[in-house]
Amino acid sequence: QFIFWLQGSRLFCVLISMSAAVASTVDKQTKKKAWEILHIKELSIEVDVATSSGELLEVLGCTFGLSFFWGGLSYRNEDYSAVRVDLLRQGPEPILFVFEIRVISVDRTCTPIADYFCSPSEPKMFREDSSACPNNFLLRSDLERYGVPWLTLELSVTAWLARFHHDFSELLKSRDFSDIKICGHCSRDACEQACSSETCECEEPFEAHRCVLAARSPVLKTMFSAGMKESDPQGIVSLGFEHRVVGWLLEFIYTDDVGTEEFEDEALWHLLKAGQLYEVEGLVRFCEGKIVIQLTERVAVENLMQAEQLGLASLRAVILDYICSGDRLGKLVGMESFERLMHKRPQLVLEILRKTFS
């Protein structure tokens, strides 16, 4: 009995040590810093021209700053100024973080202004030289009404280490303990026949883990648990999208991120549709953000029709703002995409006209 309790004591000590180590990996660190932007009226009114804070604060070895666009951004409503969070230097390990940007004063006596602030709906994971830009931030006419020459913004960042994401990324790459093969776009029967000989005519299949896929996608969970052919332990699951899109889908399922920085417009929409089909909500929001960042006059009308068709209300509203801001509509009217819009979605044309000229 004495030996038993002694072992229990030792085990207890080990568990305490392990608990402390686990706790240290998820400890959050929060820092905030104000940035005073002087001589607002002397800043460029051109779109996409930034005034930078430089290095503003450091959290968990990562350095953050702000960029302020008095003239707004080309892919936003140009009646608004914009603010962007920049990851200037990556720390020794990847992090997840949330941020908040707040207007704390418009002069040095803290004259009150409408409570402008923004923050993302979910944690971000950035690489060095990446950035996050909230939706339309500050209506310029609101600030101009005060007639003051400066603006003070406050950036607050809460960060924690993203080891979980790194570990799951490595799990997907290593294929250790995988129990299912995932194919890209091909006929399932042909793919199963080809893969039975360790080759796949569409591309080499991905290897994944049913429990991870089921935990992240209600649709895949139903497939695996309902005895469907797709859930056959010897079968191959074909997700019905291009091979690279399936790869991005799996990467997001495992890590909440996709490492590719730039997407072709068509591929990005396919990825969004995959997120919708398999009910991976975070992936849908991820794609919406990328679509907004890559928004140009060339693709704006087509993107509006896509957002309307897929029922993406928030994305639809942002693209509509983009089309209706400044003198942009006059440039779009002569495009083939606008002619298609008039034939396929005349109600959208009416909405654009009302919003532009109201």
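Each reported figure results from applying straightforward, stated rules to the coordinates on display, with no laboratory input. These numbers come from a predicted model, not from an experiment. Note that each Cβ is placed from the backbone with ideal geometry, even for glycine, and that neighbours are counted across all protein chains shown.
Enter the per residue convex hull volume of the stretch 213-347, computed from alpha-carbon coordinates, in Å³ rounded to the nearest integer. Provide the component values of the computation, followed by the final result.
Values: hull volume 16.7 nm³, N = 135.
Cα convex hull per residue, to the nearest whole number: 124 Å³.
So if the hydrodynamic radius of the stretch 233-311 is defined as the Kirkwood radius over C-alpha pairs, what does Stokes-Einstein give as its diffusion coefficient at 4 °C and 1.567 mPa s, in µm² per second?
Details: Rh = 13.2 Å.
Stokes-Einstein gives a translational diffusion coefficient of 98 µm²/s.
Holding the Cα-Cα limit at 28 Å, pick out from Lys28/Lys221; Lys33/Lys173; Lys181/Lys273 the pairs that are longer than that.
Values: Lys28/Lys221 32 Å; Lys33/Lys173 39 Å; Lys181/Lys273 21 Å.
Beyond 28 Å: Lys28/Lys221; Lys33/Lys173.
Val49 to Glu170: FRET efficiency via 1/(1 + (r/R0)^6), r the Cβ-Cβ distance, R0 35 Å, to the nearest 0.05? If you can, show how the numbers build up before the last one.
On the way: r = 41 Å, r/R0 = 1.17.
The formula returns an efficiency of 0.30 here.
Taking K and R as +1 and D and E as -1, what net charge do the other residues with C-beta under 12 Å from the C-beta of Ser52 add up to? Don't skip to the answer; put the middle values down first.
Values: positive: Arg84; negative: Glu55, Asp86.
Once positives and negatives cancel, what remains is -1.
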